Structures are given as structure tokens and as C-alpha cells.
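Enquirer: Here it is: the structure, laid out below.
Bear in mind that the values in this text are calculations on the coordinates, not laboratory data. It should be emphasised that the depicted structure is a prediction, and the values quoted were computed from it without experimental measurement. Using ideal geometry, Cβ is built from the backbone for each residue, glycine included, and neighbour counts are taken over all protein chains shown.
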Amino acid sequence: MTVSLTHIALHVRDLDACIAFYESYADMHLVHDRVSDGKRVVWLAEKGKEKNFILVLIPGGSGRAQSAEDFSHLGFAMATRDTVDAVVERARAAGILQWTPRDEPYPAGYYCGIKDPDGNVIEFSYGQPLGPGAGSPL
């Protein structure tokens, strides 16, 4: 049996704010937009990866109140440490920085966490075993 993770779907409070966040911070773009059962449903993807993995956003969420001890998150790999630092500065200025930058041994690498408009923590990292700046194989 072949199985592939293709998407994550999130119910969100403010669909337009979440679309703008993922376009701006994660460089994702809208690849599908439809109305289903009276609700707008959108798919976002990284450029060039539209057929590999998507983030589905659906209105009607209650938001997420994630404690500092809860490390649940979505992770995005960055091309350099400097790009992680740039996200940190933007997030700090916007008041959405959740985890200050941390530099941990492989495989964690260098990372920070910020909150999306719905309260989900989004990690931006460099030097993990997946994506740009990948370290040693697992």
C-alpha cells in the first residue's frame, strides 16, 4: 500500500486574514477557491508544489489558544538562518512571535515560532533534515 500525506485542513476564524498570513510569511499562493455548503474553501500551496501538498482553509473555526508548553505547530523550512531572523523581526514587530529563535542540535536546527491569525503556531526553521538547508540525513 502506498500512502502520501497530501494536505492539512484547518477551520479558521478569519479566512482572509489567514490567506494573507500564509501568502506573506510562508510564500504560499491560492491554488483553489470554491464555495461548498455555503462556505468558502481555499487551498494554498508552495509554488511548484501544488500537486504535492496543500493547506486547506475553511471558515468557521473557533481559534486556537495554544499554551507556551504546547509545541504543536506547522513547520516551514527556510533557505538560510538570516531568513529565519527576518521572520522573527517581522513577527516581533507584529506582536505574533511565540518562540524566540533557538539553535538546537540536529535534527532540530535553528528555528522560531509565530502565531497565525487563528492562533496556530507556525515554525520557521533552517538546518532540519527536510527542505532548504537540510542537515545530515535522519
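Enquirer: Along the charge dipole of segment 45-138, which of Pro59, Pro129, Pro117 sits closest to the positive end, that is, farthest toward it, with unit charges on the beta carbon of Lys, Arg, Asp and Glu (+1, +1, -1, -1)?
Expert: Pro59
Enquirer: Here's a follow-up. If you place +1 on the Cβ of every Lys and Arg, -1 on the Cβ of every Asp and Glu, and leave all else neutral, what size is the dipole of the chain about its Cα centre, to the nearest 20 Debye? It would help to have the intermediate numbers written out before the result.
Expert: Working: 13 positive and 18 negative charges, 53 e Å.
It works out to roughly 260 debye.
Enquirer: Let me ask something additional. Using the number of other C-beta atoms within 10 angstrom as an exposure proxy, rank Ile8, Ile122 with the fewest first. Each step should come with its number before you reach the end.
Expert: On the way: Ile8 11, Ile122 21.
Final ranking by Cβ density, sparse to dense: Ile8, Ile122.
Enquirer: Each label point is 7 Å from the Cα along the Cα-to-Cβ direction; what then is the distance between the points at Lys39 and Ser24, in nm?
Expert: So the two model labels end up 2.5 nm from each other.
Enquirer: A further question follows. Put a dot 7 Å past each Cα toward the Cβ at Ser67 and Lys49; how far apart are the dots in nm?
Expert: About 3.1 nm separates the two model spin labels.
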